[in-house]
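First the structure, in the form of structure tokens, and then the observations on it.
The values are calculated or read from the model by the stated rules, or taken from the named source; none is laboratory data. These numbers come from a predicted model, not from an experiment. Positions of Cβ are generated from backbone atoms using ideal geometry, with glycine treated the same way; all protein chains shown enter the neighbour counts. SASA here: full protein model, heavy atoms, side chains in, ligands and nucleic acids out. Shrake-Rupley method; radii C 1.70, N 1.55, O 1.52, S 1.80 Å.
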Amino acid sequence: MTNSTGKCTRCGRTLRSEKSIARGYGPTCERKIRAAAVVITYKPTQVAKALELIADGGIQLLKKNHTRVYRTVSSNGTGQYLTAPMACTCTAGIRGQHVCYHRIAAQLIAA
């Protein structure tokens, strides 16, 4: 999934630079996402996958209201899930055994 809208996937503002458009978020949101990633106490591999999902534009905000719901892409690129910072419709999210990287990505963007 690429950011063809020219809007920041975190805050929804219009992106102006080619680098920001390709990345999917502006420099301020990038700093906030990176800072939030340092604080989170998940496994480094999970955080790395979440950051990769964000960098690849594999997470997109669906609604701009008080509930942040995102559409995320599966690791193989064939499936899509609905994800929020506290829930995900992927297999790991439904089972609830551990926090999936989709939720971590949603938490990073929402931070």
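There is at least one residue in the stretch 81-94 that is among the polar types (S, T, N, Q), open to solvent by less than 20 Å² (accessible area, probe 1.4 Å) and touching a strand residue (DSSP E or B) at 6+ places or on another chain (Cβ under 7 Å).
Residue selection: Gly24 fails the criterion of being on the phi > 0 side of the Ramachandran plot and either of a type in the set (Val, Ile, Thr) or over 12 Å from the mean Cα position of the chain (by Cα) (or both). Could you please let me know if Val99 is part of a loop (DSSP other than H, G, I, E, B) and either at pLDDT below 85 or touching a helix residue (DSSP H, G or I) at 6+ places or on another chain (Cβ under 8 Å) (or both)? Taking the combined requirement at face value, the residue satisfies it.
Among the residues of the stretch 25-38, is there at least one that is aromatic (Phe, Trp, Tyr), touching a Lys or Arg at 6+ places or on another chain (Cβ under 6 Å) and either closer than 12 Å to Gln107 by Cα or at pLDDT below 90 (or both)? Scanning the stretch 25-38, I find at least one residue that is aromatic (Phe, Trp, Tyr), touching a Lys or Arg at 6+ places or on another chain (Cβ under 6 Å) and either closer than 12 Å to Gln107 by Cα or at pLDDT below 90 (or both), so the answer is yes.
Scanning the stretch 58-71 for residues being open to solvent by less than 40 Å² (accessible area, probe 1.4 Å) and either at pLDDT below 85 or within 8 Å of the chain's Cα centre (by Cα) (or both) gives a total of 4.
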